[in-house]
Amino acid sequence: MSTPFPNLTSGSVPLSRIREDARKSLVEALDSVRGKKVLILDRKVSGFLGLIAEVPLLKEHGVDRLLYLSEEPLQGIEVRSVVYLVRSRIENAQLIAQQILRTNKLGTKLEYSVFFMPRRTMVCEKVFQEEGIFADVTLAEYPLDFIPFDSDILSLELDTAYKELVLDGDTSSLYYTARGLMQLQGLYGTIGQVKGKGPHALAVKNLLTLMRKEMGTKAPRTGGGQIDTLVLVDRTVDPLTPLCTQLTYEGLVDETLHIKNGVVQLGAEGQKQQKFALNSADKVYQELRDLSFAAVGPKLSERAKTLQTDYKGSKGPERSLAELKDFAAQLKSLPNITRHINLAEAINRAISRQNFRDRVTVEQSLLDGHSIDGCCETIETLMYQNEDLMTVLRLLCILSHTQGGVPRKHWDVLRREVLHTYGHEHVLTLAALQDAGLLKLQQGGRPTFPVVKKAFRLLLDNVNDTDPTDIAYTYAGYAPLSIRLVEHALRSGSGEGSNKDSAMDEALKAIPGATFDVLQTVDEHGLPVEQAASAVRGLGARDKKRRVVLVMFIGGVTFAEIGALRFLSTRPEVRSDFIVATTKLNNGTSMLETFLEDVVTEAMLSKQPGSVLT
Amino acid sequence: MVEGNLSPVGGWDACGNRFYSKSELYQMAWTDVDLDSLRVACARYGGPIATIRDDRKMVLVSGGITQPLVKIYNSAGTQLAVFIWDKGRIEALGWTSAEDLMIVEQTGEVHMYSMFGVQLQRNFSMGSEVQREGILQCQLHGTGLVVLTKGLQLWAVSGLEDPRPHKLASPRLKEAPSCMAIMQPHHTLSGCLEVLLAVGTNIMTVDVDSAEQSGTGVGSIQQLCIAPNGQFVAAYTADGRLKVWTSDFTKALSEFATQSEKPPEQLEWCGTDSVVMCWQDILLMVGPYGDWIKHDLEGKTVLVSECDGVRLVSAEKHELLSRVPDSLVDVFKIGSTAPGALLFDARQLFEQQNARADEALRSIVGQLPQAVATCVDAAGAEMDSIRQAALMKAGCYGRAFCPVGSYPRKRILQICQSLRILNALRGSDVGMPLTLPQLEALTPSVLVSRLINGRRHLLALRIAEMLNMDTDKVLVHWACQKISASLQQGDEEVQEVVRGKLQRYRGIRYSLIASHAESVGRKRLATLLLEYETCAADQVPLLLSLGEMEGALTKAIDSGDTDLVYLAIFRMYRKGMPSKSFLETINAKPLAKRLFISYCHRREPELLEQLYLGMASWQGVGHMRLCAALRKANRIRKAAEAGSSSSQAGLISDNTEVVQLLVRASEQYSQTKEHVFQSKACAEFAKLRTVQAELEQEAGQSCFLGCSVIQTVQQCLRLGNARAAERVRHTFKLSDKRFGWVKVQTLATLKDWEALEALCKEKKNVLPIPVYIAAAKANGAPPQACAKLVARLPDASRKAEEYAALGMFQEAAETAATVKDSAMLSKIQGMVGTASPLGATVAQIRDRLTAVTR
């Protein structure tokens, strides 16, 4: 929690208000419990709480100790009040109930308050009732929906949203998404236009309309809002992109070292792990984050060289004090550059491994659609080498998605190899991926991917890493469909359509889920309504002013995709500034990990090949 | 030069340098009211009046009902309600700030009635101690009451929403106080209720925590009265003097000798700057500087203090005695030359089409905004509507000549709106004689609440609409009243009436109306009305309590709020085995079904298994069994890690359980042909666990359970048990290639380079040499060990490359030379350079090759 906060005021819409509100209501929550207290957080909350408040602030408001949520009884607590701040999930309610029951058993009398985030729910109350602790706790809410991660990134931190949607059929995340978007509109004004594609995007749009109608005249004002357009991106329309390996600097940091809550840990084995924050407050990172990794090395050395020449130039008595001051200011960024050089080295080590190369090669040829059998064999060999299971599953899912399924002759072989290598408990994992439609057997019928690929130009040759002209640089030649859809949405209805677009419209039909484009307006009574954008004339002849576009990724977004959007905003023809909102910042690995059953995760923990007494 | 008929001056009385007026509000509509024999309670802010026979006085009862009647009137004397008082003797009665009638019995029982005489379900008791000791004195205020018991203890209730009597600090009195007064919480420093007691010649202030002397030697006080703003206290002393202090008794403000032998019957404040006393037929008002006015009274009069005056209620009429505001004095005082007066004159002349109007206007041209302000303020303070209009016109006339922006138009609009409201309220049918300062003190939203309490919904709605206030409250209240009042009508009929009136309004919370309908026992009507509710979070819980389970579930699903869906599901499903109809309903709604499954998965696995069986979802059952097996397996693993000394036998029986669960899972999966793979996998898993248990027994250590097939083979190899490895391989039909890979990986991780080389030499080796090299390198093999493997590479170019990578340039060069790979050679040359001896050797080899090729 000691990392610097990202600067939230520099984006196209100041997101700092969200953090201020969140801090305020956190302080209110803490102050509502008198005196010193113990604050207990579930691990997920504790992760992103650091983006809202720092430890001294908590101390100032009476927090004596910070603990992680567990079912172990509370012992050695010197204060009387215990405050839980947890997500409103059944698991958390169960843990709290167990902990309180066990603590009571020890004869320790404490006062408990539970703050559920973002709201208290029936389900959690029911758990408390059934466990018989309902009367012992004070229940309240901490109504935090979106958490600002950077000047242009908001996340709901619903990490299991995608899995719940595609596997459990649990649509809670859509409700919370709509709620969060309403909250944003409350702060920044109603968003005039809403576009999107896909079943869940449609559901969120419908919920927005419903919620505005429910609010009636109290709905956020229309007109003059700070955000012009909302694009809803449904991850189920493009599950492929997160499965692929991100090849931007930030994306690779995430793929190889994992960025957690805007922080990355770096350090050789045995050494102390160094934590540092990766966000726009770091000017060097700001410049590097969205570059193709291939371009990062030259950029870093260029920076270092500039410093060097400046230093050489600064020798001699003829330098004025002001110039020296400038130079000193530049020197300050030196440790930062060093850090990034270290980071780049670590990535370089990871990606020069043969396995990593094999993996990227397989990805590329699967996207291309050639030598499928070879790919299957490579995947098998990767398993022989005990490559990380998630990497293998990502490849298998890419294979399924791009080829319309795993070829029959490899189907059982590959699945059996997964079980033999990683354990039979993964029957459940494979079944979950199959039920979610991520993994399937090839069965007649033409796969849709090649059609979409062609219409949306997803594969490009000759991508220029250092001076890209298309978003495809983010995945070394593969342009994420999600971002292509955003491009398409921003182009369509603006009167700039072409033949290419009509091919895209055709291809869109091949993907399940509706495509929509509506306006959020009010009727003659001032009551909120929704209007089809096509029904309103003159939208095409919109002025040439830059738009602020909020892109909401339902089911998660990768850093490379965000990079692609940031790249788009630099293109003159797009004329848009983007804010990215998501249910979770993720990558293929963290996305697939949510499909693991708890029992399986536990079984995997014990699977580090044990030492043998010989 | 004010026209005589417009001037109000005739009714004004000078008191020092101020004027007071006594203006008639109403001729009372009541007849046959003898205030002498009645107890009377008047609500503040022109609220209702309640009367009951004063049983402390002798009255001639002439047959008929002997029980006293409580009668309630509005301020104009129109009767609102009458009911028989059939309870005990009354100690006190009064009105709360919500205009409910509060009647306190001598036993300490408190009863509440609406202004329409309906008893409210909010009666409470002051507690057993009060009942035992008996009440000596009782005083009511807007939000509670204070009781002084005969045991000289104080009990108070503050807040009538949740009336809880609490005891104040004991004043430790030896004698009864001569009088007491209440300081309401919003007037005290502490924010708590305080009670003033006059004891001997001292004053005590008592609150919850303490009882302190606050005024010593102030004299023997017979009556106390606190000003409406809480800042001053007026007292009548035994020697016939009226004294005024600041409310903390630190400063005496004035003193006035009444020269009366009798104490006054009533002592009240008139606004906050003068005090009114009344004897049988005399009313004496004393101003702040000792000036006074005397009025004669015709019969008994009740005084009601207001924030800007005092109301006088007698049998015949209702009057308001108040100070004339400065604005009115400025305009109407005889001979006034204030700008306001001149502007008013100008307007009068203008209306008479007299040219002097212009002259008059010019004379005050520099003071016009001030003149306008005076006229407009005077209009607001005036009670008479003709004078209101004349003053307002004068104000508008003057404003037309004001410099732009010097007087806000909005103020004129506000005063006009307020006057419309006040005039409407003063009408004798409504009977709320409010003044502008009173309206401002009351606030419009409280006014609206009072009006709807008094069933003046239309007026309340109009006022709310005019002032842009929320009309929901009014409309919902109306609808609820309507429902209560139409118990005889059919559900559809009432629904139509309600809907018909409310249709044109948006955002009405129908759930509140429906909930009222339910509370009066009209469930069907409630259901009908709920259809109009737009907010699902309000709708669903009520539908559920109405028993409309399916409807509620559908609405919850439509709302997209999964928690509402859970609410509906839980209400439908009570603990225990769910009923058939529940399962059918759930089955028909995919979202509900999946949410319920997701809940059961975490909370009630047994129930979920039952559910799956009921739905004939065999893979679901299989899934549950498999999870159960894994949970058990994890526990075994944990126990083993913790080193708990569970016996070998115990372990085996535990493992048998896991195996059995797996077998059962396999059976379930096998019932559908889509799940053959899962079925086979579970069977294989069971076999694996059995084999592993055997291996553990053999090895005498627990290092197998929990491993995958491959890891099991690895463990065998690590233990040097090649036979066991072979056996596992055979059982699970590992291909030669796969088995080869395991061996390579295992030996490499064990860093057993010799064994690795030996394996590589084996005849039946199926793996290409590079696999060995890569494995060795990845595990940090020394170059010599790698070199041995490299030597076995069949492809010379590749071999040369690997040698070079190991830094063995001579070997590399020689190998390259054998296949005449000059490109490779130059590469190697590049790597070593030419200066070193090694470089020279390489150069030699290169030359040789070129010579040969030449």
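Annotation: of all residues in segment B:584-634 being among the small types (G, A, S) and within 22 Å of B:G560 (Cβ to Cβ), the one that is nearest to the other protein chains (Cβ to nearest Cβ) is B:S598. Considering only residues in segment B:666-679 that are more than 9 Å from chain A (Cβ to nearest Cβ) and more than 13 Å from B:A629 (Cβ to Cβ), the one that is surrounded by the most Cβ atoms within 10 Å (Cβ to Cβ) turns out to be B:S679. A:A178 meets each of the listed conditions (1) among the small types (G, A, S); (2) open to solvent by 10 Å² or more (accessible area, probe 1.4 Å); (3) within 23 Å of the chain's Cα centre (by Cα) apart from (2). Among the candidates B:A628, B:A640, B:A686, B:A633, the residue that is open to solvent by 40 Å² or more (accessible area, probe 1.4 Å) and either under 19 Å from B:L705 (Cα atoms) or over 45 Å from the mean Cα position of the chain (by Cα) (or both) is uniquely B:A640. Condition (residue is open to solvent by less than 20 Å² (accessible area, probe 1.4 Å), out of contact with any Cys (no Cβ under 8 Å at 6 or more places or on another chain), in a strand (DSSP E or B) and at negative phi) applied to segment A:5-12: is it met by at least one residue? Checked against the condition, which is being open to solvent by less than 20 Å² (accessible area, probe 1.4 Å), out of contact with any Cys (no Cβ under 8 Å at 6 or more places or on another chain), in a strand (DSSP E or B) and at negative phi, segment A:5-12 yields no hits at all. Among the residues making up segment B:431-459, those that are assigned to a loop (DSSP other than H, G, I, E, B) and open to solvent by less than 20 Å² (accessible area, probe 1.4 Å) are B:G431, B:M432, B:P433, B:L434, B:T435, B:G454. If you filter segment B:124-140 down to residues that are in contact (Cβ under 8 Å) with a residue 40 or more places away in the chain and surrounded by 20 or more Cβ atoms within 10 Å (Cβ to Cβ), you find that the one that is nearest to the chain's Cα centre (by Cα) is B:L140. Residue count for segment B:156-215 under the criterion of being free of Cβ contacts under 8 Å to residues at least 24 places away in the same chain, more than 24 Å from B:S128 (Cβ to Cβ), out of contact with any strand residue (DSSP E or B) (no Cβ under 6 Å at 6 or more places or on another chain) and open to solvent by less than 50 Å² (accessible area, probe 1.4 Å): the result is 1. For B:E91, the requirement of being over 23 Å from B:K317 (Cα atoms), open to solvent by 10 Å² or more (accessible area, probe 1.4 Å) and not in a loop (DSSP other than H, G, I, E, B) is met. Pairs linking a residue in segment A:578-605 that is within 14 Å of chain B (Cβ to nearest Cβ) to a residue that is aromatic (F, W, Y), with Cβ atoms under 7 Å and 6 or more positions apart or on different chains, are A:T594/A:Y162. Close contacts from segment A:326-338, counting a first residue that is without any contact (Cβ under 8 Å) to a residue 40 or more places away in the chain and a second that is among the hydroxyl-bearing types (S, T, Y) and open to solvent by less than 70 Å² (accessible area, probe 1.4 Å), with Cβ to Cβ under 7 Å and a gap of 6+ residues or different chains, come to A:F327/A:S314. Among the candidates B:G151, B:G108, B:G134, the residue that is among the small types (G, A, S) and closer than 15 Å to B:V206 by Cβ is uniquely B:G151.
Where helices (runs of 4 or more DSSP H) sit wholly within segment B:691-794, those with at least 2 residues that are within 13 Å of chain A (Cβ to nearest Cβ) occupy B:709-718, B:722-731, B:736-749, B:769-778. Checked across segment A:72-81, the condition of being basic (K, R), open to solvent by 10 Å² or more (accessible area, probe 1.4 Å), in a helix (DSSP H, G or I) and more than 14 Å from chain B (Cβ to nearest Cβ) holds for no residue. For segment B:643-663, the condition holds for at least one residue, the condition being that it is within 11 Å of another protein chain (Cβ to nearest Cβ), modelled with pLDDT of 85 or more and part of a helix (DSSP H, G or I). Considering only residues in segment A:44-65 that are surrounded by fewer than 16 Cβ atoms within 10 Å (Cβ to Cβ) and touching a helix residue (DSSP H, G or I) at 6+ places or on another chain (Cβ under 9 Å), the one that is farthest from A:T108 (Cα to Cα) turns out to be A:L57.
Residues that are crowded, with 20+ Cβ neighbours inside 10 Å, within 21 Å of B:R411 (Cα to Cα) and either in contact (Cβ under 8 Å) with a residue 24 or more places away in the chain or not aliphatic (A, V, I, L, M) (or both) are absent from segment B:350-362 altogether. Going by the structure shown, is A:S333 at pLDDT below 75 and open to solvent by less than 70 Å² (accessible area, probe 1.4 Å)? It is true that A:S333 is at pLDDT below 75 and open to solvent by less than 70 Å² (accessible area, probe 1.4 Å). Summed over segment B:518-545, residues that are within 14 Å of chain A (Cβ to nearest Cβ) and either in contact (Cβ under 8 Å) with a residue 40 or more places away in the chain or open to solvent by 50 Å² or more (accessible area, probe 1.4 Å) (or both) total 3. Restricting attention to segment A:105-122, report how many residues are under 17 Å from A:L69 (Cβ atoms) and not in a loop (DSSP other than H, G, I, E, B). The number of residues fulfilling the criteria is 6.
When the residues of segment B:546-570 are narrowed to those that are open to solvent by 50 Å² or more (accessible area, probe 1.4 Å) and either within 14 Å of chain A (Cβ to nearest Cβ) or part of a helix (DSSP H, G or I) (or both), which ends up nearest to A:G180 (Cα to Cα)? So, considering only residues that are open to solvent by 50 Å² or more (accessible area, probe 1.4 Å) and either within 14 Å of chain A (Cβ to nearest Cβ) or part of a helix (DSSP H, G or I) (or both), the one nearest to A:G180 (Cα to Cα) is B:D558.
A:G404 meets each of the listed conditions (1) crowded, with 23+ Cβ neighbours inside 10 Å; (2) farther than 24 Å from B:E684 by Cα; (3) under 28 Å from the mean Cα position of the chain (by Cα) apart from (1). The residue list B:E161, B:E129 contains one member that is closer than 30 Å to B:S484 by Cβ and acidic (D, E), which is B:E161. Between A:L210, A:L139, the distinction of being over 30 Å from A:S81 (Cα atoms) and within 14 Å of another protein chain (Cβ to nearest Cβ) belongs to A:L210 only.
Based on this model, can you work out whether B:R426 counts as of a type in the set (D, E, K, R) and surrounded by fewer than 17 Cβ atoms within 10 Å (Cβ to Cβ)? It is false that B:R426 is of a type in the set (D, E, K, R) and surrounded by fewer than 17 Cβ atoms within 10 Å (Cβ to Cβ).
Yes/no per residue for (1) touching a residue at least 40 places away in the same chain (Cβ under 8 Å); (2) closer than 25 Å to B:L544 by Cβ; (3) of a type in the set (A, V, I, L, M):
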site: B:G427; (1), (2), (3): no, no, no
site: B:L458; (1), (2), (3): no, no, yes
site: B:V476; (1), (2), (3): no, yes, yes
site: B:V497; (1), (2), (3): no, no, yes
site: B:K501; (1), (2), (3): no, no, no
site: B:R504; (1), (2), (3): no, no, no
site: B:Y510; (1), (2), (3): no, yes, no
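Against the numbered list (1) polar (S, T, N, Q); (2) under 29 Å from B:N229 (Cα atoms); (3) not in a helix (DSSP H, G or I), B:Q489 comes up short only at (2).
The values are calculated or read from the model by the stated rules, or taken from the named source; none is laboratory data. In this text, all values refer to a predicted model and were calculated from it rather than measured experimentally. Neighbour counts are summed over all protein chains in view; Cβ atoms, including those assigned to glycine, are modelled from backbone coordinates with ideal geometry. When the accessible area is computed, the model is the full protein with side chains, heavy atoms only, and any ligands, DNA or RNA have been set aside. Shrake-Rupley method; radii C 1.70, N 1.55, O 1.52, S 1.80 Å.
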